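Contents: one structure, followed by commentary.
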Amino acid sequence: MSSPLGRLRWIGLLEGASFVLLLFVAMPLKYFAGMPLAVRIVGSLHGALFIAYLVAIALAVRAKAWPKERAPTLVIASLLPGGPFFVDGQIREAEKRAT
């Protein structure tokens, strides 16, 4: 996990999981069970992971581990529920080629 792509993969998976939890667990708890604290906690965690994912993308591009032309794909994936899970295979392949 010490490589830029390894960090990108792990942060992406955590960010994707936090977004899914926010949408499909915390939001229903807020609106159907009257528990707004769930959104505050999971939303804050997701926000921090989202920023960390964007930083990890920038660091991977800066290290030339990920092509800058393909960086927007990762950013767009982060905006979709579960999107980072779909691009994880591409990052994993790039990581294998780099070693």
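Computed quantities for the displayed model
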quantity: Counted residues, region 3-29 - those being open to solvent by 30 Å² or more (accessible area, probe 1.4 Å) and under 19 Å from Ile51 (Cα atoms); calculated: 13
quantity: Which numbered condition Gly34 fails, given (1) at pLDDT below 95; (2) on the phi > 0 side of the Ramachandran plot; calculated: (1)
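The values are calculated or read from the model by the stated rules, or taken from the named source; none is laboratory data. Only a predicted model underlies this, so the values are computations on that prediction, with no experimental measurement involved. Please note that ligands, DNA and RNA were not included when accessible areas were found on the heavy atoms of the full protein model with its side chains. Shrake-Rupley method; radii C 1.70, N 1.55, O 1.52, S 1.80 Å.
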